[in-house]
Amino acid sequence: MGPILSASQLPGRLYGISVGTGDPELITLKGLRYLREADVVAFPSGRHGQPGIAEQIIAPWLAQCQVLLALEFPYVQDETVLQVAWKKAATEVWTYLKQGKTVAFACEGDVSFYSTFTYLAQALHHHHADIPMEIVPGVSSPYAAAAALRIPLTVWGQRYVVLPALHQLHELETVLAWAEVVVLLKVSSVYSQVWQILRQRNLLARSWVVERATHPNQVIYGDLSDRPTLQLSYFSLLIIHNSPPH
């Protein structure tokens with residue numbers, strides 16, 4: 001437990017704000033209001049000194065008087081390294097919350113969908129359970145990608161599965177045995193393996209890759225039959241329609 005604060009020292013409120021996948025206009029009205037009202041706006045720092053995606057999305061909506069707090073979350077799978085980063089980020093955010101300031105954490109996509117905010121919130125709650133917190137939902141990448149493709153993601157009673165491809169590729173063939181729609185997140189590093197599975201099942205013509213959905217440099221690859229290899233960015237997903245459209 002962290003130190004007990006007096007009534008005059010109650011912690012500020014923490015907002016987890018979903019800001020969508022790239023287009024700044026995809027943030028909700030509530031999310032925009034909270035973002036503009038916040039004393040401090042936090043977001044994951046970018047790589048190689050460049051602004052991160054969430055930071056780019058919210059840039060048009062920020063005021064000069066707001067404190068901007070870039071938090072470092074390394075792109076690694078080592079849980080020990082990640083735990084250290086989450087704890088450090090929580091300490092930085094607590095510096096402002098304990099002063100009674102409102103902190104809005106801007107999260108790409110939806111804040112509850114494979115989100116960095118989850119780990120930050122857990123680390124904060126572990127030491128400061130009394131922090132008031134609110135979550136604002138938003139547009140996540142599978143829905144943004146379907147909109148970019150101008151296709152329905154699901155219809156009628158179709159069974160829909162999302163797999164984080166980097167961690168769950170071994171589940172793909174099992175899932176394809178029963179799900180009609182499958183979305184593979186962050187497919188870039190395993191794309192060639194996925195392509196072979198789709199070829200064996202004759203699904204390449206009903207599969208699409210969307211890279212950086214709704215971002216200004218969005219790229220779409222349709223009918224993957226002649227694309228056994230693709231050089232994709234980290235933020236790429238693949239949609240598979242495992243049954244003919246109704």
If a residue must be farther than 19 Å from Asp110 by Cβ and either in contact with a Leu (Cβ under 9 Å, 6 or more places away or on another chain) or among the hydroxyl-bearing types (Ser, Thr, Tyr) (or both), how many such residues does the stretch 169-181 contain? 6
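Among Thr21, Thr80, which is the only one that is more than 18 Å from Asp110 (Cα to Cα) and among the hydroxyl-bearing types (Ser, Thr, Tyr)?
Working: Thr21 fails: more than 18 Å from Asp110 (Cα to Cα).
None of the others qualify; the one that does is Thr80.
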Can you tell me which condition Trp178 does not meet? The list is (1) surrounded by fewer than 14 Cβ atoms within 10 Å (Cβ to Cβ); (2) under 21 Å from Gly52 (Cα atoms); (3) of a type in the set (A, V, I, L, M, F, W, C); (4) not assigned by TED's automatic domain parsing to the domain that holds Gly46, and all the others hold. (2)
Looking at the stretch 60-80, can you tell me whether even one residue there is under 14 Å from the mean Cα position of the chain (by Cα) and exposed (fewer than 13 other Cβ atoms within 10 Å of the Cβ)? yes
Filter the helices (runs of 4 or more DSSP H) completely within the stretch 16-135 down to those with at least 1 residues that are closer than 30 Å to Glu211 by Cβ and among the β-branched types (Val, Ile, Thr). 53-58, 79-97, 116-127
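The values are calculated or read from the model by the stated rules, or taken from the named source; none is laboratory data. This structure is a prediction, so every number in the text was calculated from the model and none was measured. Here Cβ is always computed from backbone atoms with ideal geometry, including for glycine, and neighbour counts include all displayed protein chains.
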